[in-house]
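Peer 1: Shown below is the structure under consideration.
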Amino acid sequence: MLLQSYTESGPEQLVLPAALKVKAVEAKYGNVREIAALFGGAESLKAAIDELQALLYSA
């Protein structure tokens, strides 16, 4: 879901919190706070998004 939005909208789609305000993501995982809690907090979530961006740009 997130990668599909990325391919359709470009790199700005991976900017928090906009990256998580995709209807399909919210429907499956909840709002931004709920998603951050799944990652152990906002900083861990941001680190995961940063790592995802780095991996996408290195490919």
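Each value in this text was obtained by applying a stated rule to the coordinates, not by laboratory testing. Just so it is clear, the model here is predicted, and its values are computed rather than measured. Glycine gets a Cβ as well: all are built from the backbone with ideal geometry, and neighbour counts include every protein chain shown.
Peer 1: Using 7 Å Cα-to-Cβ label points, what is the residue 52/residue 18 separation (nm, one decimal)?
Peer 2: Placing both labels 7 Å beyond Cα along the Cβ direction yields 1.5 nm.
Peer 1: Let me ask something else. Given R₀ = 25 Å, FRET efficiency for residue 37-residue 7 by Cβ-Cβ distance, to 0.05?
Peer 2: 0.40
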